[in-house]
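A.B. asks: First, the structure itself, so that you have it in front of you.
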Amino acid sequence: MMGLCLVGSCQESATPASSPVSVVVPTESQIKEVPRPKVLRFGLTPYLPKEQMRKQFLPLAEYLSKALNIPVKLVFSKNYSSLAQLIKRGKIELAVLSPFAYVEAKKMHADLVPLVTHIADGSSTYVGYIVTRIGRGIEDVRQLKDKTFAFVDQQSASGFLYPQAYLAREGLVADKHFKKIRFAGNHAKVLEWVHKGYVDAGATYSTALKLASGDVEAGSGFKVIAKTGRIPYDAYCASGAVEPKLALEIKEIFKNLSTRNEIGRQVLGGAISINGFVEVDDVHYDEVRDVARLIQVDLAKTVDSGKQKP
């Protein structure tokens, strides 16, 4: 039996120098595969009404479930920030986070991994709008002085962050420029409030405006008085609970989906007009961080969205 000795304390080795060192290499059958989860919970930011979101993303969840052979369940968060809380509490494994919500969530969850973003209407970016109702006599944002204004949510890129940046470039500060600020909770509600005159103007984005313009009641009664810069689309993320091999598998499934083929046309499209997906990493959202730093957003001082009524 070989004894334990410190370096320099033993005069003679109990094992001849010529004896080979035996290394046991496990066979492939002995290597245990990481067990696949019994279910994947797919969290969604409620930037449109719940039923619209369900109609848009249920076919995608069902396709993922079939491709992975793992049930995929849609989970709808109450608001933008609560989606990050669901990740923190281990209640969801996948999430679609708006650009600014992703940036904020990444601060809390360093292991949050962006996999892809979607392409809609042929682009991986979109535009935010500031709108009012036709007939109000409002032609630009300066005429909104001492008026009421609706944002979507304090973690919405097109419904809060980028409109604030636009106002800053115009030398205006929202808290001082508007008489009252309200948070509607989603884009459709912002447009409803503008249409019904609950607020004088509001912040939204191109797809929401397109959907509202097709509404029989609202018609095309909105006037765009400002456009923000281009904004990267949402981050489709995996939490740290998702094993890297599975995350890569999910990423590849997304990347192979496209409306250029029959399966893609069955799964995608919808109200958001998703055409497909492209791979992204954390750096993709650095421009959102730059905008947030530019206007020095302090979320702690903003009103919790979804709790205000017109």
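The values are calculated or read from the model by the stated rules, or taken from the named source; none is laboratory data. The model shown is predicted, which means the values in this text are computed figures rather than measured ones. Please note: Cβ atoms are built from the backbone with ideal geometry, for glycine as well, and neighbour counts cover all protein chains shown.
A.B. asks: Being touching a residue at least 60 places away in the same chain (Cβ under 8 Å), within 24 Å of Gly270 (Cα to Cα) and either touching a strand residue (DSSP E or B) at 6+ places or on another chain (Cβ under 7 Å) or among the basic types (Lys, Arg) (or both): is that true of Leu97 here? Steps first, please.
C.D. replies: Values: touching a residue at least 60 places away in the same chain (Cβ under 8 Å): yes; within 24 Å of Gly270 (Cα to Cα): yes; either touching a strand residue (DSSP E or B) at 6+ places or on another chain (Cβ under 7 Å) or among the basic types (Lys, Arg) (or both): yes.
In short, yes.
A.B. asks: To continue, here is another question. Residue under question is Leu58, and the condition is that it be at pLDDT below 95, touching a Leu at 6+ places or on another chain (Cβ under 7 Å), over 20 Å from Glu243 (Cβ atoms) and not hydroxyl-bearing (Ser, Thr, Tyr); does it hold? Quick ask: steps written out before the conclusion?
C.D. replies: Numbers: at pLDDT below 95: no; touching a Leu at 6+ places or on another chain (Cβ under 7 Å): yes; over 20 Å from Glu243 (Cβ atoms): yes; not hydroxyl-bearing (Ser, Thr, Tyr): yes.
No, not satisfied.
A.B. asks: From the residues in the range 43-64 that are hydroxyl-bearing (Ser, Thr, Tyr) and closer than 21 Å to Val190 by Cα, which one is surrounded by the most Cβ atoms within 10 Å (Cβ to Cβ)? Reasoning before the result, please.
C.D. replies: Of the range 43-64, the ones hydroxyl-bearing (Ser, Thr, Tyr) are 45, 47, 63.
Next, only the ones that are closer than 21 Å to Val190 by Cα stay: 45, 47.
Numbers: Thr45: 25, Tyr47: 27.
Residue satisfying both the conditions and the ranking: Tyr47.
A.B. asks: Specify the residue that is nearest to Ala203 (Cα to Cα); the eligible residues are those in the range 63-78 that are part of a helix (DSSP H, G or I) and of a type outside the set (A, V, I, L, M, F, W, C).
C.D. replies: So in the range 63-78, the residues part of a helix (DSSP H, G or I) come out as 63-68.
Then keep just the ones that are of a type outside the set (A, V, I, L, M, F, W, C); that gives 63, 65-66.
Working: Tyr63: 33, Ser65: 35, Lys66: 38 Å.
Step by step, filter the range 63-78, then rank; the result is Tyr63.
A.B. asks: Something else now. Checking the conditions here, which among Phe160, Phe149, Phe183 is over 23 Å from Phe76 (Cα atoms) and among the hydrophobic types (A, V, I, L, M, F, W, C)? If you could, list the steps in order and put the result at the bottom.
C.D. replies: On the way: Phe160 fails: over 23 Å from Phe76 (Cα atoms); Phe183 fails: over 23 Å from Phe76 (Cα atoms).
The conditions single out Phe149.
A.B. asks: What pairs come out if I take residues in the range 271-286 that are in contact (Cβ under 8 Å) with a residue 40 or more places away in the chain and pair them with residues that are in a loop (DSSP other than H, G, I, E, B) and charged (D, E, K, R) whose C-beta lies under 7 Å away, six or more apart or interchain?
C.D. replies: As it stands, the answer is Ser273/Asp121, since those pairs meet every condition given.
A.B. asks: Over 20 Å from Ala203 (Cα atoms) and either hydrophobic (A, V, I, L, M, F, W, C) or over 10 Å from the mean Cα position of the chain (by Cα) (or both), is that true of Gly128? Walk me through it before giving the result.
C.D. replies: Values: over 20 Å from Ala203 (Cα atoms): no; either hydrophobic (A, V, I, L, M, F, W, C) or over 10 Å from the mean Cα position of the chain (by Cα) (or both): yes.
So Gly128 does not fit the description; no.
A.B. asks: Also: Which ones in the range 116-128 are in a strand (DSSP E or B) and either touching an Asp or Glu at 6+ places or on another chain (Cβ under 9 Å) or surrounded by fewer than 24 Cβ atoms within 10 Å (Cβ to Cβ) (or both)?
C.D. replies: Filtering the range 116-128 for residues in a strand (DSSP E or B) gives 116-120, 123, 125-128.
The answer is Val116, Thr117, His118, Ile119, Ala120, Ser123, Thr125, Tyr126, Val127.
A.B. asks: Could you list, in sequence order, the residues of the range 65-81 that are at pLDDT below 95, surrounded by 18 or more Cβ atoms within 10 Å (Cβ to Cβ) and not aromatic (Phe, Trp, Tyr)?
C.D. replies: Ser77, Asn79, Ser81
Okay, residues lined up against (1) assigned to a strand (DSSP E or B); (2) closer than 25 Å to Ser158 by Cα:
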site: Tyr47; (1), (2): no, yes
site: Arg54; (1), (2): no, yes
site: Leu58; (1), (2): no, yes
site: Ala61; (1), (2): no, no
site: Gln85; (1), (2): no, yes
site: Val96; (1), (2): yes, yes
site: Ala101; (1), (2): no, yes
site: Ala105; (1), (2): no, yes
site: Pro114; (1), (2): yes, yes
